[in-house]
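First comes the structure, then the notes that go with it.
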């Protein structure tokens, strides 16, 4: 279902998939949790520079060369401008805190934290940031990242002021 007045979104991810812990044989960056945070910080810094260059060009188009169009940086610029919401696939509380702090350093509000199975550990920080949380209603302890997930996660986050929804990645459950 498409909501015509809903802001566009973009999916981000944290964790094992991003840092390629699941048997990937490539050497691309990032390969650590610190690298994931650095990757986001680098790309948003690049988007800020891109926005600045576009703004300077628009002020004096006859005096400056037009910056080369970059669709990735345009999407990130929309996030910086509050026009596009981030929906971030996340599990562990340490990664969630690092991500929220990184986004806050760029003035970005995260729309939702998806999966967020350790959200109960950082519910105050999520509520303070203003992100929503969509957690699993029926899955926990199915891989290393989620060993500390608990069935009361959604309720505990709600009690701390987080807007919570429940989801399943399985048509069976």
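What follows draws every value from the coordinates through simple rules; no lab data is involved. Not measured: the values here are computed from a predicted model. Cβ sites come from the backbone with ideal geometry, for glycine too, and all protein chains shown count toward neighbours.
Extension gain residue 124-residue 11, at 0.36 nm per residue separation less the Cα-Cα distance, in nm? Before the final figure, lay out each step's value.
On the way: separation 113, 0.36 × 113 = 40.68 nm, distance 2.30 nm.
Gain on extension, residue 124 to residue 11, equals 38.4 nm.
Quick one: order 137, 171 by neighbouring beta-carbon count within 10 Å, fewest to most.
Neighbour counts put them in this order, fewest first: 171, 137.
Between residue 105 and residue 52, 0.36 nm times their residue separation minus their Cα-Cα distance comes to what? Intermediate values should be presented prior to the final figure.
On the way: separation 53, 0.36 × 53 = 19.08 nm, distance 1.72 nm.
Extra length from residue 105 to residue 52 when fully extended: 17.4 nm.
Taking 0.36 nm per intervening residue step and subtracting the Cα-Cα distance, what contour gain separates residue 148 from residue 39 on full extension? List each step's numbers first, then the result.
Values: separation 109, 0.36 × 109 = 39.24 nm, distance 2.61 nm.
Gain on stretching residue 148 to residue 39: 36.6 nm.
When the Kirkwood radius is taken over all Cα pairs of the chain, what Stokes-Einstein diffusion coefficient follows at 10 °C and 1.306 mPa s, in µm²/s?
Details: Rh = 17.6 Å.
Answer, rounded: 90 µm²/s.
Between residue 3 and residue 171, what FRET efficiency comes out of the Förster formula 1/(1 + (r/R0)^6) with R0 = 25 Å and r the beta carbon distance, rounded to 0.05? All intermediate terms of the calculation are to be shown ahead of the outcome.
Numbers: r = 23 Å, r/R0 = 0.92.
My answer for the efficiency is 0.60.
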